[in-house]
Structures are given as structure tokens and as C-alpha cells.
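Comments concern the structure below.
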Amino acid sequence: MKKVKILALILVSTSVSSFAADAASNWKEQCAKCHGDDGKGETKMGRKLSIGDLTEAKIQEKFTDDQAFKAIKLGLTDSSGKTTMKAIENISDEEMKALIPFVRGLKK
Ligand code: HEC
């Protein structure tokens, strides 16, 4: 019995101490308000910004992994220089990189 308790404690403490949030929860917190949970961009913000549907192969082909990283880190502007996607500031470079395969995985 005691052994089981100790094992459970170890499991809990290792999952809490993993420092960076995983890509799925970063997506929910940082990206979904514009891109939507599913990446389709069917949100109020998404419609206002006429955001691309990230589940579409054609949209996914429009940007490289490198461009995706830059979009997250530096933000995007439209042709008139107006900010469309603002730079994401509260996650680390590693977390940004981890979001790229997540974004690719939204493609249906
Ligand atoms: C303020 C709203 C907003 C937020 C928040 C946001 N985006 Fe965007 N994102 C946009 C807009 C607008 C575009 C441009 C859409 C287009 O041109 O079709 C875009 C484009 C992109 C692109 C395509 C890049 C390119 O060069 O075309 C990727 C990848 C992307 N976003 C990922 C993310 C990720 C990952 C997050 C969260 C870390 C995020 N976005 C958060 C609005 C947002």
C-alpha cells in the first residue's frame, strides 16, 4: 500500500514540474481565440481578420515551417502594414517550435 502511494506521489510531482506547457494547451491559450480550437478560424476574431482555414491543405502549403515560426514570434501584418496576427510573447522559443507540428497536424 505504502509503495503505491509513493509511486503516485512521484508521478504527480514529475508531471507538475515539467516546465513548459504542451503544444495543445498553448494552442488553446494563445492561438484558439483567433484560429479556433480546430484551426478553422471560425471565431469572431478569425472572421474579422478573414483568417485562413488551417485544416485546408492549400492554406498549409502557403507557409513554410520557418514562416510559421516567424509568424508566431514576430507576428504578421497585412499589405497595408496593419497587424493581423500579433507577436506571441508569453511562450518560449521551444514552445513556439513545438506548436509547428501541432499546426501541421490540424490539416485534415
Ligand atoms: C490576434 C489573432 C491571432 C492569434 C492570437 C494567433 N494568430 Fe495566427 N494568424 C492570424 C492571422 C490573421 C493570420 C493570417 C491569416 C491569413 O493570412 O490567412 C495568421 C496566420 C498564422 C499562420 C500562417 C503563417 C503565414 O505565414 O501565413 C500560422 C502558422 C499561425 N497563424 C499560427 C498561430 C499560432 C501557432 C498561434 C498561437 C501561438 C497563433 N497563430 C495566434 C491571427 C492570429
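The values are calculated or read from the model by the stated rules, or taken from the named source; none is laboratory data. Treat the numbers as computed from the prediction; the structure is a model and nothing was measured. Every residue, glycine as well, gets a Cβ built from its backbone with ideal geometry; the counts of neighbours run over all protein chains shown. Surface accessibility is based on the protein's heavy atoms, side chains included, excluding ligands, DNA and RNA. Shrake-Rupley method; radii C 1.70, N 1.55, O 1.52, S 1.80 Å.
A few notes on this one:
- Taking the C-alpha atoms only, the angle from helix 2-17 to the longest principal axis of the chain is near 20 degrees.
- Legend: translational diffusion of the stretch 20-104 by Stokes-Einstein, Rh = Kirkwood radius over C-alpha pairs, 10 °C, 1.306 mPa s; D = 122 µm²/s.
- Helical contribution to [θ] at 222 nm, DSSP H n ≥ 4, -39,500 (n - 2.57), averaged over the chain, rounded to 500: -13500 deg cm²/dmol
- Split the accessible area of the stretch 20-104 by element, probe 1.4 Å, and carbon with sulfur accounts for 54%.
- FRET efficiency, 1/(1 + (r/R0)^6) with R0 25 Å, evaluated for Ser25 and Gln67 via beta carbons: 0.60
- Listed pairs Lys44/Lys82; Lys28/Lys82; Lys86/Lys108; Lys48/Lys108 exceeding 22 Å between Cα atoms: Lys28/Lys82; Lys86/Lys108; Lys48/Lys108
- Rounded to 10°, Cα long-axis angle of helix 93-104 versus longest principal axis of the chain: 70 degrees
- Within the chain, the longest segment free of exposed loop sites, counting GluC sites (Glu not before Pro) that fall outside DSSP classes H, G, I, E and B and have at most 11 other Cβ atoms within 10 Å, spans 1-60.
- The angle separating the long axis of helix 65-74 from the principal Cα axis of greatest extent in the chain is about 90 degrees.
- Rounded to the nearest 20, the size of the Cβ-charge dipole of the chain about its Cα centre is 340 debye, with Lys and Arg at +1 and Asp and Glu at -1.
- Accessible surface, the chain, averaged per residue in Å² (probe 1.4 Å): 73 Å²
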